[in-house]
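The values are calculated or read from the model by the stated rules, or taken from the named source; none is laboratory data. Bear in mind that the values here come from a model prediction, so they are computed numbers and not experimental data. Quick reminder, even Gly has a Cβ in these numbers, built from the backbone with ideal geometry, and neighbours come from all protein chains shown.
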Amino acid sequence: MYETWWKEAVVYQIYPKSFMDSNGDGIGDIPGIISKLDYLKELGITVLWICPLYRSPQKDNGYDISDYQAIHEAFGSMEDFEALLAGAHERGIKIVMDLVVNHTSDQHKWFVESRSSKESKYRDYYIWRDAKDGKEPTNWGGCFGGSAWQYDETTDQYYLHQFAVEQPDLNWENPVVRKEVFDMMNWWCEKGIDGFRMDVISLISKPEVYEDGPINTNDGYSAVGCITANGHRVHEFLKEMNREVLSKYDLFTVGECSGVTVEEAKKYAGADTGELNMVFQFEHMDLDGDEHGKWTKKQLYLPDLKENFTKWQNELDGQAWNSLYWDNHDQPRIVSRWGNDSEEYRVLSAKMLGTCLHMMQGTPYIYQGEELGMTNFPFRNISQVDDIECKNAYQTLVLDKKEYSEETMFEIISKKSRDNARTPMQWNDSKNGGFTTGTPWLSVNPNYTYINAESQIHDPDSVFSYYKKLIELRKNNKIIVYGSYSLLCPDDEKIYAFLRTLGEEKLLVICNFTSETLALPSDVAEQKDMAKDIMISNYAEPSDTLRPYETVVYTF
Ligand code: NOJ
């Protein structure tokens, strides 16, 4: 397997609106990010992925872009961005931009023109269709609920939007659109950025024939994402993007690929397929979902997670490359989700989860605050919620269909809503966690008084110090990056244990996912007996049993 920097990288994801506010308007901004570059260097990460910074009406917090070559005013200016790029590069940190080209904002000049007339030269930049039998062209439902089609009176046609009404889908069949996108990407590369995280890139190629699909959403539609995922021309489009842009620079590229299977991932991110470096897959994130999608109290069954990760680890080994993540701006906080955020176990379980993920093959991603063991938010009222997806789900499941009581829905929102990840970063124990001197755009988690960066940076037992060590170990041990993986005790419902091997070297990784004290399964005990030293653990002293949320990595 060939070795390269993006495989050895550790990525840190920033959600700019919630990271650090420098001017007291309650919204994070680029100067705020610049002020925290030393913190990030101290943590040891080597790549920053920053969620969209571009000009945007912010209907979906920046994933609705109205100008790809301008910075959103509330985040700062292009000069600020250039200073950020320079400041990061000075510290040996690369900058990866979010690339959102499945759709634009409805305020983008292309769409404003497109909707104005059927004769506009921009008409075919988007996907317009006539009504069918007086209704939407198909029964496709958008990812944020409701129909994926929006009627537009001006020209008496519908346009496709897989996400919010204000996020019309671009028409990738149109070569002029592709050229516009590639030109824009080249412009950013010339500015010196180091790569792209590609938003819902698996959804850009639509079917040849537009027809109804099976009804499979809460509100009676056919989920459009199931219809467009891995469309028939997506690999052709990405190969073209690679030829026109990516191959000209030494870039970090990761595609967000909902609906991706291992077979598809080998095409998107195969060692020699000429598309992307790696993909984000979602299978593990769906394991605690059910027929209500994510809006359920279903608990994770650990053997499902092990089976899923094992499939990705083994099938991509030597053929493609994994991205490793628990958290991002669309997912709840992992310590609350699959760990234990009680006072007793939060720190232990956050470290255990970090170890489990960072000891796998692939490139790990840390989402802001994960390195502090930040938790979900205790939502109790819809006025505390900002996210469009969550508000729509509340409308459908509580108000319209009455499937859930308020109480049940808020229990679920506190477990699953995307806003759990979007509450402001907790820097210190001063007002608003030191995030802003003004009123934060989304409430700060009240636990900032004791969960914050300042209290952890110099504490050798903190989650921060532990993540720092995980990152350092990865930098100094190729086996952590490149070693092969093999699962132990597959059916155990409480322990996740696996081996990594590279040449003569071997590691044993053991993680207790429960608050119980457990005996080691026989195959794990057998390996442990042969082990030599402890590389990292979240308990100070070794033990023969596995204590609550204990994790240990052994060398041989
Ligand atoms: C995926 C992004 O991660 C999410 O935040 C956004 O809402 C959708 N794509 C639409 O752009």
I'd like to check something: does the range 53-62 contain any residue that is surrounded by 22 or more Cβ atoms within 10 Å (Cβ to Cβ), of a type in the set (A, V, I, L, M), at negative phi and within 16 Å of the ligand (Cβ to nearest atom)?
yes
Looking at the structure I just gave you, is Glu370 under 25 Å from Gly483 (Cβ atoms) and out of contact with any Gly (no Cβ under 6 Å at 6 or more places or on another chain)?
yes
Just give me the residues in the range 98-145 being basic (Lys, Arg) and touching a helix residue (DSSP H, G or I) at 6+ places or on another chain (Cβ under 7 Å), in sequence order.
Arg115, Lys118, Arg123
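Listed here are the residues, each with its yes/no results for (1) of a type outside the set (A, V, I, L, M, F, W, C); (2) surrounded by fewer than 24 Cβ atoms within 10 Å (Cβ to Cβ); (3) modelled with pLDDT of 95 or more.
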site	(1), (2), (3)
Val254	no, no, yes
Lys267	yes, yes, yes
Met285	no, yes, yes
Asp288	yes, yes, yes
Name the single residue that is surrounded by the most Cβ atoms within 10 Å (Cβ to Cβ) among those in the range 5-52 being of a type in the set (Lys, Arg) and over 22 Å from His72 (Cα atoms).
Lys7
Have a look at Ser222, Ser247 and point out the one that is buried (at least 16 other Cβ atoms within 10 Å of the Cβ) and of a type in the set (S, T, N, Q).
Ser222
Scanning the range 146-171 residue by residue, those surrounded by 22 or more Cβ atoms within 10 Å (Cβ to Cβ) and in a loop (DSSP other than H, G, I, E, B) turn out to be Ala148, His161, Gln162, Phe163, Ala164, Gln167, Pro168
Single residue of the range 65-105 satisfying the filter (in a strand (DSSP E or B) and hydrophobic (A, V, I, L, M, F, W, C)) that is nearest to the ligand (Cβ to nearest atom)
Leu99
Evaluate the range 396-412: report whether one residue or more is within 16 Å of the ligand (Cβ to nearest atom) and either part of a loop (DSSP other than H, G, I, E, B) or farther than 21 Å from Lys59 by Cβ (or both).
no
With the first residue restricted to the range 396-408 and required to be touching a residue at least 60 places away in the same chain (Cβ under 8 Å), and the second required to be part of a loop (DSSP other than H, G, I, E, B) and not aliphatic (A, V, I, L, M), Cβ contacts under 7 Å at 6 or more apart or on different chains are Thr396/Gly145; Thr396/Asn218; Thr396/Asp219; Leu397/Asn218; Leu397/Trp295; Leu397/Glu403; Leu397/Tyr404
Limited to the range 113-145, what total is found for residues that are closer than 24 Å to Leu397 by Cα and assigned to a loop (DSSP other than H, G, I, E, B)?
7
Asp67 buried (at least 21 other Cβ atoms within 10 Å of the Cβ) and under 26 Å from Gln107 (Cα atoms)
no
Enumerate the helices (runs of 4 or more DSSP H) found wholly within the range 1-64, keeping only those where 1 or more residues are aromatic (Phe, Trp, Tyr) and within 30 Å of Gly503 (Cα to Cα).
5-8
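Within the group Asn340, Asn314, which residue is away from the ligand (no atom under 16 Å from the Cβ), surrounded by fewer than 17 Cβ atoms within 10 Å (Cβ to Cβ), touching a residue at least 60 places away in the same chain (Cβ under 8 Å) and farther than 27 Å from Pro16 by Cβ?
Asn314
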